[in-house]
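Colleague: This is the structure I want to talk about, given as structure tokens.
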Amino acid sequence: MKLKAGIAALFTMAAVLVGIDAAQATPQGDRDVIANLWSWNWNSVARECTAHLGPAGYGGVQVAPPQDSLTRGGAVWWDVYQPADYTLTSKFGDESQFAAMVRACHDAGVKVYADAVVNHMTGQGSTSYGGATFSKYTYPGLYSPDDFHYYAEDCGNADNLIHDGDYTGSARNVQNCELVGLADLETEEGHVRGAIAGYLNKLIALGVDGFRVDAAKHTSPADLADIYRRLDGSPYIYQEVIHGAGEAVQPGQYTGIGDVLEFQYGRYLREKFSGSIADLRTFGETWGGMQPSGRSVTFVANHDTERGTGTLSYKDGAVYRLATIFQLAWDYGTPQVYDGFTWSDREAGPPHSNGFVRDAVCGGGWECLHRDPAITGMVGFHNAVRGAPVTGWSAPNGNVIAFGRDAKGWIAINNGTGPHTGTFATGLAAGTYAGVTGTGPVTVNGGGQATVTVPAKGAVAIVAGGTTTPPAQVPVTFNVNATTTWGTNVCLVGSIGALKSWDPAQAIPLSSAGYPVWSATVMLPANTSFEYKFIKKDGSGNVTWESGANRTYTTGSSAATIDATWK
Ligand code: LAG
Ligand code: CA
């Protein structure tokens, strides 16, 4: 079918206006962090779900493209982005291993999202990992040359160039020409839409919970919306639409039909973690090119960007790890934590035997940031604070930031080259908390403050409820010389919880046994500053406050007595 450009444009507008109901936006449940175990084989992903991802609180795992593909004998990583057919024999395993992986992950409470390569087929080669024979445009039993865009009619290149190229001038060029020479499926066509949906529904039948839609930018939203409508259930859809300023195809054209991978996010993190992280105070959808938080899947790196220069990567070491800690603490999008294999040649494939990917071994050819105790601690932090706004931001210098998540958690991050010691308002109740990023315990005093030392390129983070020991308390005796009339009592009230947070109705009554000196002994948090006043209550409950400024006091680490006079 050779659609005229105008008709194609009408289809696009209609679908974008209507939107779709099929795909479910934002992962459901209280765990939403996605581990992107790129190029891991199915057996290794299954073991990882059971032993690490589930116990750490990850909500999902993204796995490599599961369909059969061109084989380059394992020499390169990118052969798997050239589908040869839709059977599930690939360099990562076969259909039964894939199905067993999905079951293992589900048993561990981890959803499975598959990398769906549906814009194109191959651009080269003739044999696949599964043993299929094909040539570009001809895939026996699946597609024939009529199922592909043909440059002269479809992609509008008068000079017969096959490749896409005009990203600023023409969406049609981006979506109907061949991305790096890959045979471009004619996704306007019913047969093609049905074949793609059939493949995705096969994965759904095996339990797959959603899809990372590869090269979504190169398929029109109208075509994708039609394909998504054909899917069974409500898979979670997030689409790869790389943002480029001034380009004809923009991520915002796809947020009506699913979520998008937020490419600006990792670019900005690289910029700020190479400069001033204090700039991150407003980081979010007001920043240029960024999509709404509820539509975005964030990543510090992915397999393409780690091979380029746009983002940080594992090769940046501690800064990369720290940026991932920030990502899990910040209130924006659905976070993805990336791990692939260790590489020096950017083309090279993962460790393999006869082309088939070997089991992943952390530290033995594979990167495993997702297992780092600071990262798993932050997955727990993210789950605990999810939905709570950022509160109490402070940035003592360009390398140090601290913020809370509305009394559910608090973190300080130090991107400097030396440790930073400071006192911060945490917003959390008094107590001694376990540090979730592998640091020692953090003591929060009765005023909500903590004095912490944040390691270089490190973080200190705590979550509400994460106390290890009850807060240290000291007895403080309050004596006040106050003359009263019969029936009137003297009480004590102040700024901290132990002194009833200025609520006169709950004020602590003092004893008149030593009249005219009234007194009471109260347990207060140690090493804590607070304000207070004495009040008088008569028989009818009328309250009279001491005049003048609030009284102030700071507890130490042992018992104390305060002698006062009501003037
Ligand atoms: C993606 N997003 O849109 C993937 O994230 C990206 O990694 C994929 O490119 C791309 N889409 C196609 O799915 C990768 C490599 C390319 C490679 C391509 C197909 O980055 O370099 O192209 O997968 O295997 C390779 C050669 C090209 C050649 C092409 C066709 O590198 O030189 O023209 O194959 O034969
Ligand atoms: Ca296309």
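Colleague: If I ask for residues that are within 12 Å of GLU48 (Cβ to Cβ) and either among the hydroxyl-bearing types (Ser, Thr, Tyr) or not in a helix (DSSP H, G or I) (or both), which ones from segment 362-375 would you list? Don't jump to the end; show me each part of the working.
Modeller: Here is the first cut: in segment 362-375, the ones within 12 Å of GLU48 (Cβ to Cβ) are 362, 366, 368, 370-371.
CYS362, TRP366, CYS368, listed by residue number.
Yes or no, residue by residue, for (1) more than 16 Å from ligand 2 (Cβ to nearest atom); (2) part of a helix (DSSP H, G or I); (3) more than 21 Å from HIS163 (Cβ to Cβ):
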site	(1), (2), (3)
LYS217	no, yes, no
ASP223	no, yes, no
ASP226	no, yes, yes
GLY233	yes, no, yes
THR255	yes, no, yes
GLN264	yes, yes, yes
ARG267	yes, yes, yes
LYS272	yes, yes, yes
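Colleague: Checking TRP393 against (1) surrounded by fewer than 16 Cβ atoms within 10 Å (Cβ to Cβ); (2) closer than 30 Å to PRO66 by Cβ, only one condition comes out false. Which one?
Modeller: (2)
Colleague: Output the residues belonging to segment 414-457 that are polar (S, T, N, Q) and in a loop (DSSP other than H, G, I, E, B).
Modeller: Hits for segment 414-457 are ASN415, THR417, THR426, THR437, THR439, ASN445.
For every residue, the table says whether it meets (1) at pLDDT 95 or above; (2) of a type in the set (S, T, N, Q); (3) in a loop (DSSP other than H, G, I, E, B).
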residue	(1), (2), (3)
TRP518	yes, no, no
PHE530	yes, no, no
LYS533	yes, no, no
THR552	yes, yes, no
SER557	no, yes, yes
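Colleague: Looking only at segment 481-510, count every residue that is out of contact with any helix residue (DSSP H, G or I) (no Cβ under 8 Å at 6 or more places or on another chain) and either surrounded by fewer than 21 Cβ atoms within 10 Å (Cβ to Cβ) or part of a loop (DSSP other than H, G, I, E, B) (or both) and tell me the total.
Modeller: Here the count works out to 19.
Colleague: Specify which of the listed residues (VAL112, VAL117, VAL76, VAL80) is within 37 Å of the chain's Cα centre (by Cα), within 16 Å of ligand 2 (Cβ to nearest atom) and not polar (S, T, N, Q).
Modeller: Numbers: VAL112 fails: within 16 Å of ligand 2 (Cβ to nearest atom); VAL76 fails: within 16 Å of ligand 2 (Cβ to nearest atom); VAL80 fails: within 16 Å of ligand 2 (Cβ to nearest atom).
Step by step, each of VAL112, VAL117, VAL76, VAL80 is checked, and only VAL117 is within 37 Å of the chain's Cα centre (by Cα), within 16 Å of ligand 2 (Cβ to nearest atom) and not polar (S, T, N, Q).
Colleague: Being more than 16 Å from ligand 1 (Cβ to nearest atom) and assigned to a loop (DSSP other than H, G, I, E, B) is the filter here; which residues of segment 301-337 pass it? First the steps, then the outcome.
Modeller: Looking only at segment 301-337, we keep the residues that are more than 16 Å from ligand 1 (Cβ to nearest atom), and these are 312, 314-335, 337.
Once the filter is applied, which keeps residues that are more than 16 Å from ligand 1 (Cβ to nearest atom) and assigned to a loop (DSSP other than H, G, I, E, B), segment 301-337 yields LEU312, GLY317, TRP330, ASP331, TYR332, GLY333.
Colleague: Looking at (1) buried (at least 16 other Cβ atoms within 10 Å of the Cβ); (2) out of contact with any Leu (no Cβ under 8 Å at 6 or more places or on another chain), can you tell me which one SER547 breaks?
Modeller: Exception for SER547: condition (1).
The values are calculated or read from the model by the stated rules, or taken from the named source; none is laboratory data. Nothing here was measured: the structure is a model prediction, and the numbers come from that model. When we count neighbours, we look across all protein chains shown, and the Cβ atoms used for this are built from the backbone with ideal geometry, even at glycine.
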